[in-house]
Amino acid sequence: MSTRPIKTVFSGMQPTSGVTLGNYLGAMRNFVKLQHEAKCYFCVVDLHALTIPKDPAELRQNTLDMARTYVAAGIDPKVATIFVQSHVPAHAEMSWLMEVSSYYGELQRMTQFKDKAAKAEVVTTGLFTYPALMAADILLYDTTHVPVGDDQKQHLELTRDIAVRLNNRFGRELLVVPEPYIPPREAGGRIMSLQEPTQKMSKSDTNELGTIYLMDPPDVIRKKIKRAVTDPGREVRYDPENKPGVSNLMVILSLCSGMSLEEISERYDGYGQFKKDVAEAVVAVLEPLQKRFKELSEPGVIEEILARGAEEAEAVATPVLRRVQDALGLLPRRRP
Ligand code: TYM
């Protein structure tokens, strides 16, 4: 993690049905923490979600639900700015400027693109240029730090490369070069599937038992953890190479209970009680979140938060967009 002072934080999550425990432990948890340390922007990236065609009504509902999840998880909309990406047109405009500042070969090397393209029924151009839009999101806020999970590392490197490239080209700090804020694996940077602990936990997992969703009822959480794949032997020891299943459950327990990995290792002899305690620790974190999520269903509450958020975000993003447009040589528009 970084040593530079944290001034401005930006991060985003795609509005898809089912936010996972991986999303929460890898990223959202840190959003909650960082909101008191820096000016924070948390975006619901609906334009990114469109890179794989979505049902329109579902996308709208998922967008609202993602924002509700942010608040239910503890992000205070009075402290941090929560908004929807498509509500601030500067994102789409800046995205084009990032597309023309990045290279085809760079985007071709993105492993997420390769993975997603291999699975998608249709590969849209947007799926390919996805990282340019992500760079736009981040650079529009003069972001110093980007809290994300480990899987976004390559996208952040590209964002930094684009910023450095433009700064070099114009011989000044046109754009702030952001730093990743990615927890190490033992602190949640990469939560693994409960069924295939060598793969990351993901909403696109076909095996339902592999992924815990934030809205899973307690009994479903208990069932999934009970059935989680463990490793031969009975030792509860952090060893991701040789004991990936147990190590993943240890990380989950550690983050949900506050116990260190060493304490966990010392406490258990065998998997039975260990798994029970993992399940109860996850339930204890998710139950209050689910309760707050339900309380936020009153019509208009989230919409109001998002309306204010878009205003706040736009006020920061538009001048940065103008700065980049100007540097690249676009003629400023004059109003008649
Ligand atoms: P998305 O919506 O796929 O995931 C949201 C966040 O969750 C993290 N994450 C995980 N962390 C740990 N373990 C896992 N198994 C796990 N699965 C997901 C992701 O790393 C991410 O932080 N491209 C982004 C959205 C985005 C964005 C941005 C992020 C768009 N613009 C600007 C930061 C800044 C994405 O698809 O995240």
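Every number here is computed from the coordinates shown, using simple stated rules; none is lab data. Keep in mind that what you see is a predicted model, and the values were worked out from it rather than measured. Glycine gets a Cβ as well: all are built from the backbone with ideal geometry, and neighbour counts include every protein chain shown.
Where q = 0.08, 0.09, 0.21 Å⁻¹, what log10 of I(q)/I(0) comes from the Debye formula for the range 67-215, counting one point per Cα? Listed by q, the Debye log ratios stand at -0.27, -0.34, -1.48. Pair-distance distribution of the range 103-184: all C-alpha pairs, bin width 10 Å, starting at 0; shares per bin in whole percent are 17, 47, 29, 6, 0. Counting neighbouring beta carbons within 10 Å and listing from fewest to most, the residues Asp161, Asp65, Asp277 come out as Asp161, Asp277, Asp65. The mean sequence distance of close C-alpha pairs (under 8 Å, at least 6 residues apart), as a share of the length of the range 95-224, puts its relative contact order at 19 percent. Here the chain is treated with +1 on each Lys and Arg Cβ and -1 on each Asp and Glu Cβ, and its dipole about the Cα centre works out to around 440 debye. Beta-bridge orientation, the chain: approximately 10 percent antiparallel, per DSSP, counting only bridges with both partners inside. Straight Cα distances below 17 angstrom link Lys78 to the lysines Lys33, Lys39, with same-chain residues fewer than 8 positions distant left out. Cβ crowding within 10 Å ranks Phe31, Phe10, Phe128 as Phe128, Phe31, Phe10, fewest other Cβ atoms first.
Taking Gly300, Gly189, Gly149 as the candidate residues, the one with maximal mean-square fluctuation in a Gaussian network model of the chain, Cα springs under 10 Å, is Gly300. Axis angle, to the nearest 10 degrees, between helix 125-139 and the longest C-alpha principal axis of the chain: 80 degrees. Placing unit charges on the Cβ atoms of the charged side chains and taking the dipole of the chain about its Cα centre, the candidate lying farthest along the positive direction among Asn168, Ala117, Ala67 is Asn168. Taking only DSSP H segments of four or more residues, each worth -39500 (n - 2.57), what value at 222 nm results for the chain once the sum is divided by all its residues, to the nearest 500 deg cm²/dmol? That comes out to -15500 deg cm²/dmol. The per residue volume of the convex hull around the alpha-carbon atoms of the range 1-149 is 123 Å³. Convex hull volume of the Cα atoms of the chain, normalised per residue: 149 Å³. Note that the range 232-322, at 10 °C in a medium of 1.306 mPa s, gets a Stokes-Einstein diffusion coefficient of 96 µm²/s from its Kirkwood radius over C-alpha pairs. In a simple Cβ point-charge model (Lys, Arg +1; Asp, Glu -1; nothing else charged), the range 237-336 has a dipole of about 640 debye relative to its Cα centre. For the range 193-234, what D do you get in µm² per second when you plug the Kirkwood radius from alpha-carbon pairs into Stokes-Einstein at 10 °C and 1.306 mPa s? Rounded, D is 148 µm²/s.
Listed by chain and number, the aspartates and glutamates whose C-alpha is less than 15 Å from the C-alpha of Lys291, apart from same-chain residues fewer than 8 away, are Asp65, Asp216. Approximating the spin labels as points 7 Å out from Cα along Cα→Cβ, the Glu287-to-Thr318 distance works out to 4.7 nm.
The trypsin sites (Lys or Arg not before Pro) of the range 38-88 meeting both criteria, a DSSP state outside H, G, I, E and B (loop) and at most 15 other C-beta atoms within 10 angstrom of the site's C-beta, are Lys78.
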